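Each remark here refers to the structure printed beneath this line.
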Ligand code: SF4
C-alpha cells in the first residue's frame, strides 16, 4: 500500500526506527473533574482502570520501564518518543507543565515528546511554553477532535465546539508546533459521508499528522449502555476497512498517518471484538489496500481540498 506511515516518516527524519513509549503525566481532564462535566466523553474509559497504571516513580522511572519492555527488539541505538496519551496533558498550571516536560528535552534517547490534549486546554501561556520546549526537542501536540460534526460532538459530550479546534490549530501552527489530529471512525449517528467530511476537514486544516481510530465500546462507559440497549451498533471489519481506504485517499501525501486502527484496553473491550486482534486487522487493511490500489492523497489536492464523495473502488 502506498501510504505515508509513521515508521517511514521516523526513518526519514531520524534514520532509525522510533518507538513510542506511553507515559502517564498524572493529569486529569476538564471533562472528568467537573469543570465541564464529570462523566467524560461517552466512549472514554478514563477513571475505570485502563488509564490508571504505571505511574510509580514518576516519568523518568516510567520511561526506563517502558524502554526495558521494548529493549529486546529496539536495540541499543533506538530512539523514542515520550508519549503522553492518557487524559489531558496540558491541563495544569504552566509551571507544573514546565517541571514535567523540560527535563525530557535534555534526553538524548528521545527523538520527540508527544503531548495529547484537548484544544480548549491550550491557552497562550501553554502554547508559548510548548514552543519554547520545541526549540530544544521536537514537541508534537495531539488534539482529540474525533469529529467536525457538532451534533455528534454534543452526543459524545466532547465539550467544545469546532471553532475551538480551529483556534488551537492556528495557535500551534503559528508557533511551529507539529499537530496530530485524532479522528474516530464509527461514532454514534455518523454516516460514512460524515467521517469523510471530518477527514477532509483535517486534511485542509494544515495538520502534519493524523490518527484514525475505530470507536471501541468499553465497559463502564455511556457508550456501553447504548450498545447494550441496541442504540449503538459498531462498524464491522469490512465497513471499517472500506471507510479507512476512503479516508486515506482523502489525505494529502504530506500528512503522516500515525495510526490506522487502535487497540482498546482488552480487559474492557465489549465491542467490536474483531478489533482485539490488531495484527489481524492490520493484515486485512494491507490486503484490502493492495487489492483496491489505495494511494494516499489520490482523491485530494495537496492543500487537502477534494471532492467529498464516496471514492472506494
Ligand atoms: S477529553 Fe479525553 S480524557 Fe477527557 S473525557 Fe474525553 S476522551 Fe476522556
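Rule-based calculations on the coordinates, nothing more; no lab input. All values reported here derive from a predicted model rather than from experimental measurement. Using ideal geometry, Cβ is built from the backbone for each residue, glycine included, and neighbour counts are taken over all protein chains shown.
Before moving on, here are some points about what is shown:
- Remark: spin-label model distance residue 96-residue 22 equals 2.2 nm, labels positioned 7 Å along the Cα→Cβ axis.
- Förster-model FRET efficiency, 45 Å R0, residue 225 and residue 71, C-beta, rounded to 0.05: 0.60
- Computed from the Cβ-Cβ distance with R0 of 41 Å, the FRET efficiency linking residue 108 to residue 37 stands at 0.50.
- The value of relative contact order for the stretch 6-292, using C-alpha pairs under 8 Å at least six residues apart, is 16 percent.
- FRET efficiency for the pair residue 193 and residue 276, taken as 1/(1 + (r/R0)^6) with r the Cβ-Cβ distance and R0 = 30 Å, rounds to 0.60.
- By other beta-carbon atoms within 10 Å, ranking 182, 216 with the fewest at the front produces 182, 216.
- Taking 0.36 nm per residue of sequence separation and removing the Cα-Cα distance, the residue 239/residue 174 pair yields an extension gain of 19.7 nm.
- Taking only the Cα atoms of the chain, the radius of gyration and Dmax are 18.7, 52 Å.
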